[in-house]
Amino acid sequence: MKLSSIVISIFIIIFACIFMAPVVITIFLSCTDGLSPYVDFFVWEPTYLYALTNSIIVSFTTSFATILISILAAYVFAKVKFRGCSILFFLYIMILIMPFQVTLLPQYIVSKKIGIYDTLGALILPGIFSPFAPILLTQMMKFVPNEVIEAARLETNSTLCIITQIIVPFIRPGIICTWILSFSETWNAVAEPRFLMESLGKMPLMYHLGNLTEVGFFEFAAVVISMLLPYLLFTIFKSEIVENIGMAKLK
Amino acid sequence: MKKFSIACLIIFLITVFGFNLGGQYIRAFFSPTVTYMYPELTTYGEAFYWSLPDATVHFGETEPYIYKLTLDDTRTREQAYYAQKIEIPNAVYDDQGNCFVDSYILKNSDMIIVGYTDAMEDGMYVKIKN
């Protein structure tokens, strides 16, 4: 082995240790007191358990609904030619570029007006119409050859059939990747619940973790549990995510 | 690895939702005893506390204050029971000073506290043993 590759390997190991250290320390400290912090989390601290359930409900609902709506929107942006298409897409990008704090106040006013303030709907509804997923899927759908769609048109007139049977399998890794990113975005949201909700019992887990005042074994266990679901999802769909990133590089 | 992760995910979701739905029953089953109450109550009043289904309260001739303790899931373990002062309109006293508390109150409380003083405040949270 060359000296240069040994040096590079050592550097990589050091950097990996630096990046992994907080996670390893958190897991280690959560287990120092045995399983009691985890028992406390699941049995004796229902606030956190309810918050975790709220997070799961909000994140899954938002990300699934986002994907459903974004696929349809992306198809229109990528494959349907109509007047104002590029302007509309430009507006989407503008909203994406805008800091999310800008839209928080209008979201607060609208949620009050339509009566979803302080409900999980206040987090789910604005999250569904996030511009990020349609933009990402539009770029992916542009690479679906028009010839394939035209060939499918000979078989069926239903656009929904073409989307579900031709386009969705074609960009499946991209959809999964977008879904995971959308899930993570909703899962990690702290500012939105702070603005759009009041009741502590309806807050997602990240809000509570963001308000921790004590640092003990229980808090570390809560952090570990909060990491678990995104980590599992990433592990399950790792190949699709990697494949999608690879595709993006090739393009 | 993928199958293992899917299995872990399913177990995780079942655990979370299972404890969410059944946690209240688990907490009630393993409910720890009340070890600390409002100081005045323990100093001046004779407090009796017990878990259901004990229905008979013995407190002598003095009319007591009764607090209904309800398990509040939105609180931490330290402040699990929400105390609410209640009237006992249907309480029946026998010659021995035993009071038979209204079964409705017992059914709708996870625990009740009886004392001679009015030291506990309505709506306060009662600390329980850790």
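The values are calculated or read from the model by the stated rules, or taken from the named source; none is laboratory data. Just so it is clear, the model here is predicted, and its values are computed rather than measured. Methodologically, a virtual Cβ is constructed for each residue, glycine included, from the backbone with ideal geometry; neighbour enumeration extends over all protein chains shown. Accessible surface is based on the protein model in full, side chains and every heavy atom, while ligands, DNA and RNA are left aside. Shrake-Rupley method; radii C 1.70, N 1.55, O 1.52, S 1.80 Å.
Filter region A:199-245 down to the residues that are farther than 19 Å from A:SER55 by Cα and open to solvent by 30 Å² or more (accessible area, probe 1.4 Å) and list them by number.
Filtering region A:199-245 for residues farther than 19 Å from A:SER55 by Cα gives A:213-217, A:235-245.
Within region A:199-245, A:THR213, A:GLU214, A:VAL215, A:PHE217, A:PHE237, A:LYS238, A:SER239, A:VAL242, A:GLU243, A:ILE245 meet the criteria.
Can you tell me which residues in region A:74-103 are touching a residue at least 40 places away in the same chain (Cβ under 8 Å) and more than 22 Å from A:ILE163 (Cα to Cα)? Lay out the reasoning, then the answer.
Filtering region A:74-103 down to residues touching a residue at least 40 places away in the same chain (Cβ under 8 Å) leaves A:74-75, A:77-79, A:89, A:92-93, A:100-101.
Result: A:ILE93, A:PHE100, A:GLN101.
What pairs come up if the first residue lies in region A:35-49 and is at the interface with chain B (Cβ under 7 Å from one of its Cβ atoms), the second is of a type in the set (Asp, Glu), and their beta carbons are under 6 Å apart, counting only those six or more places apart or on different chains?
Close Cβ pairs (under 6 Å, with a partner that is of a type in the set (Asp, Glu)) amount to A:PRO46/B:ASP73.
Quick one: count up the residues across region A:159-196 that are farther than 18 Å from A:VAL76 by Cα, at pLDDT 90 or above and β-branched (Val, Ile, Thr).
Counting residues in region A:159-196 that are farther than 18 Å from A:VAL76 by Cα, at pLDDT 90 or above and β-branched (Val, Ile, Thr) gives 3.
Could we say that A:GLN101 is open to solvent by 80 Å² or more (accessible area, probe 1.4 Å), closer than 30 Å to A:LEU228 by Cβ and not aliphatic (A, V, I, L, M) here?
Criteria met by A:GLN101.
With the condition kept exactly as written, say whether any residue in region A:160-178 is out of contact with any strand residue (DSSP E or B) (no Cβ under 8 Å at 6 or more places or on another chain) and within 14 Å of chain B (Cβ to nearest Cβ).
From region A:160-178, those out of contact with any strand residue (DSSP E or B) (no Cβ under 8 Å at 6 or more places or on another chain) are A:160-178; that's our starting set.
Restricting the remaining residues to those that are within 14 Å of chain B (Cβ to nearest Cβ) gives A:176.
Yes, because at least one residue in region A:160-178 is out of contact with any strand residue (DSSP E or B) (no Cβ under 8 Å at 6 or more places or on another chain) and within 14 Å of chain B (Cβ to nearest Cβ).
Take the residues of region A:121-142 that are crowded, with 19+ Cβ neighbours inside 10 Å and farther than 20 Å from A:ALA73 by Cβ: which is farthest from the chain's Cα centre (by Cα)?
Across region A:121-142, the extreme among qualifying residues is A:ALA122.
Condition first: at the interface with another protein chain (Cβ under 9 Å from one of its Cβ atoms) and exposed (fewer than 13 other Cβ atoms within 10 Å of the Cβ). Now tell me which residues in region B:4-14 satisfy that. Explain how you work it out, then say what you get.
Here is the first cut: in region B:4-14, the residues at the interface with another protein chain (Cβ under 9 Å from one of its Cβ atoms) are B:4-6, B:8-9, B:12-13.
Matches in region B:4-14: B:PHE4 only.
Condition check ((1) without any contact (Cβ under 8 Å) to a residue 24 or more places away in the chain; (2) in contact with a Leu (Cβ under 7 Å, 6 or more places away or on another chain)) across all residues:
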| residue | (1), (2) |
| --- | --- |
| A:ILE124 | no, no |
| A:MET140 | no, no |
| A:THR156 | yes, no |
| A:PRO169 | yes, no |
| A:ARG172 | no, no |
| A:THR178 | no, yes |
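Based on this model, can you work out whether A:VAL80 counts as more than 14 Å from every other protein chain (Cβ to nearest Cβ) and at pLDDT 90 or above?
It is false that A:VAL80 is more than 14 Å from every other protein chain (Cβ to nearest Cβ) and at pLDDT 90 or above.
Show the residue pairs that are 6+ apart or on different chains and have beta-carbon atoms under 8 Å apart, the first residue being within region A:221-243 and more than 9 Å from chain B (Cβ to nearest Cβ) and within 22 Å of A:ILE171 (Cβ to Cβ), the second being assigned to a helix (DSSP H, G or I) and open to solvent by 50 Å² or more (accessible area, probe 1.4 Å).
As it stands, the answer is A:GLU240/A:ARG172; A:ILE241/A:PHE234, since those pairs meet every condition given.
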